[in-house]
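Taking it in order: structure first as C-alpha cells, then the write-up.
Just so it is clear, none of the values below were taken in a lab; they were calculated from the coordinates. In this text the structure is predicted, and so the values were computed from the model without any measurement. Heads up, the Cβs are rebuilt from the backbone with ideal geometry, glycines too, and the neighbour counts pull from every protein chain shown.
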Amino acid sequence: MRVLVVENYDEMSKKAASMVASQVILKPDSILGLATGDTPLGLYKELIRLYREQLVSFKEVKSFNLDEYLGLSKDNEQSYHYYMMENLFKHIDMNLENINIPDGMAENIEEECIRYEKKIAEACGIDMQVLGIGTNGHIGFNEPDIKFEAETHLVNLDEETIEVNSRFFQSIGEVPTQALSMGIKTIMHSKKVILLAYGIGKADAIAKTIRGKITPDLPASILQLHRDVTIIMDKAAASKL
C-alpha cells in the first residue's frame, strides 16, 4: 500500500489525474473503473484539461462505473449516469459504446448484476480502479457487513450513507435506499487501485483502512491485501494516522 499525503484537494486531484492519464498514455485501451460523488470531481476536471491540451486521448478506453441508484433513469439529474456524462464523458473523446454503468431501471436486477459482471470479465478486468471512501468505510456502495466475496450486487444503503447523500436531493425522503454496486471481490481483482480522500470527515475511516484490522465492518480495510493500491489524501484526511 502506497500512501501519499498532499497539501489540499486540488493537489490530490492533480496527483490522481496524472496517474490516470499515465495509465491511459501507456495503455490506450485501458479499462478504467470510475467513481462518483464529490471526491473525484477535481480529478475529472483535471482529466478534461489534459484532454483539451491534447496530452491524453480516451478514444480506446473502456470504463466501468462502480454503482448506480436503483430506480433512477439515465436522464435523472441525480443518477450516476447523468453525473458521469456531465462531469467527464461529454467533455472528452470517449466512445459512448465503451461506457458501462449499471442500469438502475433494469427489469430484472439479478440478471443486470450478472450481465455487468460478465462484461467486466470479458474486458479482462479493470486496469485501474478509482475509489472514494465513505465516512463508514464503504467503497462503491459496499456497506459495512457486506461480505468481501460479493461481486456486482444489489445493496441496501445504510442510514448514514442515505443521510450523507441527501445533500444532492431536495429532501432525504427522495434518496434511493438501494443501489447496484460493483462488489468487493470485483474491486480487488483490479490490477491497480487509487483511493482518494479529503477532509476531516474521512480521517477516521482512512486511519482504520490503513492501520486497522481487516474486517467487513470497514469494507475499505480489505485494500490492505491488494497488490497495487495508492491512497492519496489531504492533510485533514491524514490527521489521525
Would you compute, from DSSP H runs of 4+ residues alone, the mean residue ellipticity of the chain at 222 nm, taking -39500 (n - 2.57) per run and dividing by the full residue count, rounded to the nearest 500? -9000 deg cm²/dmol
May I ask for the distance between the Cα centers of segment 189-232 and segment 132-183, given as a whole number of Å? 16
Report the dimensions of the chain along its three principal axes from the alpha-carbon atoms, largest first, rounded to Å. 44, 41, 36
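Given the Cα-Cα distance of residue 159 and residue 49 and 0.36 nm per residue of separation, how much length would full extension add, in nm?
Working: separation 110, 0.36 × 110 = 39.60 nm, distance 3.65 nm.
Taking 0.36 nm per residue and subtracting the Cα distance, the gain is 36.0 nm.
Based on other C-beta atoms within 10 Å, arrange 154, 96, 50 from fewest to most.
Numbers: 154 15, 96 8, 50 20.
With the fewest neighbours first, 154, 96, 50 line up as 96, 154, 50.
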Residue 194's amide H: which non-local residues (gap 5+, or another chain) put their own amide H closer than 5 Å, with H modeled 1.01 Å from N in plane and none for Pro or chain starts? 129, 130, 131, 230
In terms of modelled amide H atoms, which long-range or inter-chain residues lie less than 5 Å from the amide H of residue 178? 70, 157
For segment 235-241, what does the Karplus curve 6.51 cos²θ - 1.76 cosθ + 1.60, with θ = phi - 60°, yield as ³J(HN,Hα) per residue in whole Hz, taken in order and with x for Gly and Pro? 5, 5, 5, 8, 5, 9, 6
Tell me, what HN-Hα J-couplings in whole Hz come from the Karplus equation 6.51 cos²θ - 1.76 cosθ + 1.60 at θ = phi - 60° for each residue of segment 99-114, using x for Gly and Pro? 8, 10, 9, x, 8, x, 10, 4, 5, 10, 5, 4, 5, 5, 5, 5
Skipping prolines and chain starts, which residues have an amide H placed within reach, meaning under 5 Å, of the one on residue 6, given they are 5 or more residues away or on another chain? 233, 234, 235
